[in-house]
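The values are calculated or read from the model by the stated rules, or taken from the named source; none is laboratory data. Everything numeric here is computed off the predicted structure, so don't read it as measured data. Here Cβ is always computed from backbone atoms with ideal geometry, including for glycine, and neighbour counts include all displayed protein chains.
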Amino acid sequence: MTKPVIWITRSLSAATLNRARRDYEVIWDPADAPGSAEDIIAMSAKVDGIIPCHSEHFSADVVARLDPRLRIVANHSVGVDHCDLPALRAKGITVTNTPGVLSDATAELAMMLMLGAARHAVAGDRIMRSGAWDFWSPAFLVGKQVTGARLGIIGMGGVGRAFARKARGFDMEIHYHNRSRLSEADEAGATYHENLDDLLAVSDFLSLHCPATPETTGLMNADRLAKLPQGCVIVNTARGNLIDEAALLQAVESGHVGAAGLDCFVTEPGGNPAFAQHENIMMMPHVGSATVKTRDAMGFKALDNLDAFFRGDTPPDKL
């Protein structure tokens, strides 16, 4: 029986690539470059399925030019803001994602960024690496204490709940805003705020875990940043366009926002060079899910979705 042909756009884990090659005819380029619009369109005539990452963009214009051979886009990501879902569905193309397997890894990175931003990790590391540590004072690198502080979480999906569980280990007081209130069991004592502004007012620390949608683009603008307590710390491991970056810079420079920990940016790759001028902004290059365990799990979940589709079943993570 002829195996389906799939295109794996980026360098996935070795375990994922080995399993894919066992069950499919695989097209994969170890150069590991993002697939352009023209790459996607050209490849759609050669393959039955694609495993893309958020670096491949399926805009309405791209989707309109896809070859009918392509039948499934099995994303190696939870977020699908790089896909025009209505256009893909109208084209008859099945779309899946990989929920539930990267929550802990991303929450771990959010915790690292929160702690690092709060405790001057960037400045401290620079001082040590440059050999500039030649004094000590009780006023030296005094940061913001996490233990017992009020944490606001926007978006209590899998990652938001995983972050809340870890924050409870620091005795943080958990508050959250979500499209709908969680069950009592999932809340685990957290305080729900139906109104976002009410959440912001009590958030000594604020962590963003909501999806990128037209409604959430620029969610944290100048007006909302101003509603946060003086000296607050902001963490974003979701999507860069949730934050108005110019407004965040102004809030950091004024001192209203005491620090920030960012794993995602409006421009990726590259980030925002202006952030690098501020040592109270700790940054990582969009690697929230980058652990061996999680990368294997994401790849296998994408393949599970492909397996189900080509068996004639509904993929478990069909959107």
Checklist entry - Any chance region 219-232 includes a residue that's over 13 Å from the mean Cα position of the chain (by Cα), outside the structural domain of residue 75 (by TED's automatic domain parsing), under 18 Å from residue 155 (Cβ atoms) and in contact (Cβ under 8 Å) with a residue 60 or more places away in the chain? => result yes
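Go over the candidates 37, 33 one by one and state the one that is more than 22 Å from residue 318 (Cα to Cα), free of Cβ contacts under 8 Å to residues at least 24 places away in the same chain and small (Gly, Ala, Ser). Steps first, please.
Working: 37 fails: free of Cβ contacts under 8 Å to residues at least 24 places away in the same chain.
That would be 33, the only listed residue that is more than 22 Å from residue 318 (Cα to Cα), free of Cβ contacts under 8 Å to residues at least 24 places away in the same chain and small (Gly, Ala, Ser).
Would you point out which residue out of 276, 251 is assigned by TED's automatic domain parsing to the domain that holds residue 143 and either in contact with a helix residue (DSSP H, G or I) (Cβ under 6 Å, 6 or more places away or on another chain) or in a strand (DSSP E or B) (or both)?
Numbers: 276 fails: either in contact with a helix residue (DSSP H, G or I) (Cβ under 6 Å, 6 or more places away or on another chain) or in a strand (DSSP E or B) (or both).
Answer to the selection: 251.
Looking only at helices (runs of 4 or more DSSP H) that fall completely inside region 14-122, which ones have 1 or more residues that are within 30 Å of residue 278 (Cβ to Cβ)?
Working: elements: 14-23, 37-43, 60-64, 85-90, 103-118.
In region 14-122, the matching helices (runs of 4 or more DSSP H) lie at 103-118.
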Checklist entry - What residue, among those in region 71-96 that are over 22 Å from residue 266 (Cα atoms) and in contact (Cβ under 8 Å) with a residue 40 or more places away in the chain, is surrounded by the fewest Cβ atoms within 10 Å (Cβ to Cβ)? => result 71
Checklist entry - Taking the condition at pLDDT below 95 and assigned by TED's automatic domain parsing to the domain that holds residue 279, does residue 211 pass? => result yes
Next on the checklist: Would you confirm, using the coordinates I've provided, whether residue 146 is in the same structural domain as residue 210 (by TED's automatic domain parsing), among the β-branched types (Val, Ile, Thr), touching a residue at least 24 places away in the same chain (Cβ under 8 Å) and not in a strand (DSSP E or B)?
Outcome noted: yes
Checklist outcome for this item: Contact list, first residue from region 122-134 and farther than 16 Å from residue 284 by Cα, second anywhere and assigned to a helix (DSSP H, G or I), beta-carbon distance below 6 Å, six or more apart or interchain, is 133/127
Next on the checklist: Tell me yes or no: at least one residue of region 101-114 is at pLDDT 95 or above and over 17 Å from the mean Cα position of the chain (by Cα).
Outcome noted: no
Checklist entry - For region 15-70, which residues satisfy the criterion of being surrounded by 14 or more Cβ atoms within 10 Å (Cβ to Cβ), acidic (Asp, Glu) and either touching a His at 6+ places or on another chain (Cβ under 7 Å) or farther than 27 Å from residue 290 by Cα (or both)? => result 48, 56
